[in-house]
1. Report the Stokes-Einstein translational diffusion coefficient (µm² s⁻¹, integer) for region 24-107, Rh taken as the Kirkwood radius over Cα pairs, at 10 °C with viscosity 1.306 mPa s.
2. For region 54-70, what does the Karplus curve 6.51 cos²θ - 1.76 cosθ + 1.60, with θ = phi - 60°, yield as ³J(HN,Hα) per residue in whole Hz, taken in order and with x for Gly and Pro?
3. Can you list the HN-Hα couplings for region 26-41, worked out from phi with the Karplus curve (6.51, -1.76, 1.60; θ = phi - 60°), rounded to whole Hz and with x for Gly and Pro?
4. Please work out the FRET efficiency for the pair D43 and N99, using the Cβ-Cβ distance as r and a Förster radius of 35 Å; give the result to the nearest 0.05.
5. Ranked highest first by the average count of other Cβ atoms within 10 Å around their residues, in what order do 38-47, 75-84, 90-99 fall?
6. Relative contact order, percent, of region 24-107 when contacts are C-alpha pairs under 8 Å separated by at least 6 residues?
7. Please report, in cubic angstrom per residue, the volume enclosed by the convex hull of the alpha-carbon atoms of region 55-94.
8. Can you list the residues of region 52-77 with backbone N under 14 Å from a point 7 Å past the Cα of D92, pointing along Cα to Cβ?
Amino acid sequence: MKLSGITLFSLLIVLAPSLSSAQDATGRIVGTTSDQQAAVIPDVQITVTNTATHVTRKTSTDRDGYFQVLELPIGDYKVTAEHGGFRTIISDEHKLLINQSLRIDLTMQVGSTNQKIEVQASAAAVETVDATLGQSVTSRQLIPASLSSIP
């Protein structure tokens with residue numbers, strides 16, 4: 001009897017942490033980032049924000065455009081995605097439930113309102129001095145030869 005009580009107590013001590021972790025009120029947010037042609041975008045900076053507490057968690061997408069933020073407390077979240085050459089995108093508010101894997105896929109648009117564009121190519125030169133490359137245009141009306149022989 002004494003041995004089985006000690007065994008039962010030891011078993012409860014070993015199993016107690018795993019049982020308590022199953023009761024955590026957390027979930028995770030996963031998703032992918034892509035452009036308008038459905039091509040994935042790697043290295044996008046992802047910020048997940050709890051809208052009630054304003055606590056943020058940051059990560060970035062992998063080479064396949066995939067991201068995940070684990071062990072988030074349940075609540076309402078917005079996801080922000082930022083990458084050079086693309087407009088910053090902020091998702092709608094989504095409710096994260098206990099033990100939920102919430103998927104939020106983001107489609108980013110090229111460009112931004114504060115984007116600076118530099119043109120590196122030079123335009124073709126136009127000759128403004130030598131007249132041999134041009135023709136004169138007169139105000140005289142041109143009549144096709146087939147119409148000039150009509151009486």
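What follows is calculated from the coordinates using simple rules that are stated; it is not laboratory data. Because the structure is a prediction, the values reported are computed rather than measured. Neighbour counts run over all protein chains shown; Cβ positions are idealised from the backbone, glycine included.
1. Details: Rh = 12.7 Å.
D = 125 µm²/s.
2. The phi angles translate into 6, 7, 10, 10, 10, 7, 9, 6, 7, 5, 9, x, 8, 9, 8, 10, 9 Hz.
3. Once rounded to whole Hz, the list reads 10, x, 9, 10, 10, x, 10, 10, 9, 8, 5, 9, 6, 7, 5, 10.
4. Details: r = 30 Å, r/R0 = 0.85.
Efficiency at R0 = 35 Å is approximately 0.75.
5. 75-84, 38-47, 90-99
6. Details: 205 pairs, mean separation 34.0, N = 84.
Computed value for region 24-107: 41 percent relative contact order.
7. Values: hull volume 3.5 nm³, N = 40.
Convex hull of Cα atoms, per residue: 88 Å³.
8. What the label zone holds, given the 14 Å backbone N cut-off, is 77.
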